[in-house]
Amino acid sequence: MRTLVILTLLAALVIAATCYESHESMESHEYLNPFLNRRRANDFIQADTRLRAITQERIKERSKAPQEHQRELCEDYYPCEMYAFRHGYAAAYKHYFGRRRTK
């Protein structure tokens with residue numbers, strides 16, 4: 001009988017030692033509520049960085065090399081593109097768009 005009481009006390013001590021919730025585990029807010037609401041779900045993405053990325057992309061589009069701009073114009077116009085396959089994009093651009101005068 002005495003051994004049964006001792007084993008029961010030892011089991012209770014082992015359970016108390018292994019199941020103890022420390023103060024550090026209670027500091028986490030995820031312990032109480034692991035799910036985020038919709039408004040806080042995207043807080044880690046800053047709106048400024050998204051706008052800055054879009055602005056940088058627009059700046060890159062405006063500052064293309066002249067040859068790339070000419071090539072894109074030529075690709076949009078089918079006869080120029082066909083001419084470019086035989087003679088190259090520089091010659092095709094000059095042939096179709098080189099005579100234009102802009103004011």
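The values are calculated or read from the model by the stated rules, or taken from the named source; none is laboratory data. In this text the structure is predicted, and so the values were computed from the model without any measurement. Heavy atoms of the whole protein, side chains included, go into the accessibility calculation; ligands, DNA and RNA do not. Shrake-Rupley method; radii C 1.70, N 1.55, O 1.52, S 1.80 Å.
Here are the numbers for this structure:
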read-out: Flag for residue 24 being at pLDDT 75 or above, assigned to a helix (DSSP H, G or I) and open to solvent by 90 Å² or more (accessible area, probe 1.4 Å); value: no
read-out: From 90, 84, 65, 47, residue being under 36 Å from the mean Cα position of the chain (by Cα) and at pLDDT 65 or above; value: 65
